[in-house]
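Reviewing the structure listed below.
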Amino acid sequence: MHSIILTLALTLTAGDAPKPEPLWPKGAPGAMGDKDADVPTLTAYLPPADKANGTAVVVCPGGGYGGLAISYEGNDVGAWMAKRGVAGFVLKYRVAPYKHPVPLQDAQRALRTVRARAKEWGIDPNRVGIMGFSAGGHLASTAATQFDDGKADADDPIDRVGCRPDFAILAYPVITLKPPFAHMGSRKNLLGDNPDEKLVDSLCNDEQVTDKTPPTFLFHTADDNAVPVENSILFFEALRKAKVPAELHVYRHGRHGVGLAPNEPALSSWPECLEAWMKDRGLLGPK
């Protein structure tokens, strides 16, 4: 779906580029080693204090659960958020050979971390969302449908914080893991060759939507030849059935994996639609 792309640091100002921080400073649970791919990180793109509005978004790049498009579906997005007063946190989560539930653990830890350190970063802990592209959209929609309130008696203070996102943003997301609309490469990387059907069912996220699922914005193209548009449609219909506020934008034509689509005239308006949605939900106003 995506080729593996090395992380490219974007500089918001003339100062130093943001530095990734490990999600677990003492080592991630289930790590197979201590190489870069074994260390999930969070890179903070913080807006200037005078422009910060208190909203934060954890950004999950795509890559079919086999790689990460960190540059154009991560760092570019973090910078875009910061320019609008939103703190963007780019998540480098673990991918194959890591299997479920490891990527979800990384995403949940990222949400907990942002919320636990809200005061430090000037964030409203009730305005923490998650965003995902392609397979990162599957991860984000999993985090939006599978969450908890934290463990009050946990030794790690971050684990005491809830991981439910307050809103979700899904760009050409993988939603179902069942044919005919599944992206089978993502499914194989996440679950292996012959996963248990009950596990597959539990990660078809249109089937996991409840009235507790957060408000969601979705973007897709009608002729996406990698992840069929039915993925977004299924999730949107499930949200409507559960009476969860949702907005879906389907463009007539466009390739998969465009990120913010700066060089795609037909699609370059989708971030403007997202910005309008965020403004309408009060996410770009004052704290």
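The values are calculated or read from the model by the stated rules, or taken from the named source; none is laboratory data. Every value quoted in this text rests on a predicted model; they were computed, and no experiment measured them. We place every Cβ from the backbone using ideal geometry, glycine too, and count neighbours over all the protein chains shown. Note: accessible area is taken over every heavy atom of the protein model, side chains too, but ligands, DNA and RNA are not part of it. Shrake-Rupley method; radii C 1.70, N 1.55, O 1.52, S 1.80 Å.
Some points to look at:
- Considering (1) assigned to a loop (DSSP other than H, G, I, E, B); (2) under 19 Å from the mean Cα position of the chain (by Cα); (3) not charged (D, E, K, R), the lone condition that HIS249 does not fulfil carries the number (1).
- Residue in the stretch 212-225 that is touching a Leu at 6+ places or on another chain (Cβ under 9 Å), open to solvent by less than 10 Å² (accessible area, probe 1.4 Å), aromatic (Phe, Trp, Tyr) and within 22 Å of ALA69 (Cα to Cα) present: yes
- Residue in the stretch 70-86 that is touching a residue at least 24 places away in the same chain (Cβ under 8 Å), open to solvent by less than 10 Å² (accessible area, probe 1.4 Å) and at positive phi present: yes
- In the condition set (1) buried (at least 24 other Cβ atoms within 10 Å of the Cβ); (2) of a type in the set (A, V, I, L, M, F, W, C); (3) in a helix (DSSP H, G or I); (4) in contact (Cβ under 8 Å) with a residue 60 or more places away in the chain, LEU111 is compliant with all but (4).
- Tabulated pairs, the stretch 180-206, first free of Cβ contacts under 8 Å to residues at least 24 places away in the same chain, second outside any loop (DSSP other than H, G, I, E, B), C-beta under 7 angstrom, 6+ apart or interchain: VAL200/LEU191; ASP201/GLU207
- Within the stretch 267-287, the set of residues being modelled with pLDDT under 95 and either of a type in the set (Lys, Arg) or open to solvent by 70 Å² or more (accessible area, probe 1.4 Å) (or both) comprises PRO286, LYS287.
- Cβ separations smaller than 9 Å between residues 6+ apart or across chains give the following pairs from the stretch 17-32 residues that are on the phi > 0 side of the Ramachandran plot to residues that are surrounded by 13 or more Cβ atoms within 10 Å (Cβ to Cβ) and among the aliphatic types (A, V, I, L, M): GLY27/VAL39; GLY30/VAL102.
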